[in-house]
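The structure under discussion appears below in the form of structure tokens.
Read-outs throughout are calculated quantities, based only on the coordinates presented, and are distinct from any laboratory measurement. Just so it is clear, the model here is predicted, and its values are computed rather than measured. Ideal geometry is used to build each Cβ from the backbone, glycine not excepted, and the neighbour counts take in all protein chains shown.
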Amino acid sequence: MKIHILFLALVISFAAACKSKKEGATSTKETSTTTPKIIGKISHKYRAMGCATVIITANPDGGEELTLIPSVKLASEFDVDGMQISFYYHTLRMPQPEGCITGMPAEIKDISEK
């Protein structure tokens, strides 16, 4: 009987520990959405090589400029050479599209004109 009570106490303590970890994970998601949007400029300078559209941004670390290759074609209202936009992005681990020798593929979200 004592073994059953001890086993039940262990199960309850493990369940409580797992529950507290899940609550902590949600708080990190909330803080990640407070990051400011990135400002970038639409460019067609690689179009002759077969790379349709890229977005050129200043590197947030203060280094060289960052060239992003949208994984999904931009809406025609934003695909204008020289247009400044603000957006969120997430780099993707995938090969560069054919003709794109510069830049990194990225998922572009929440685009708006600057």
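A few remarks follow.
- When only alpha carbons of region 38-113 are considered, Rg and Dmax amount to 11.4, 30 Å.
- Summed residue charge, Cβ within 10 Å of Met83's Cβ, Lys/Arg positive, Asp/Glu negative: -2
- Charge context of Glu107, other residues only, Cβ under 13 angstrom, K/R +1, D/E -1: +2
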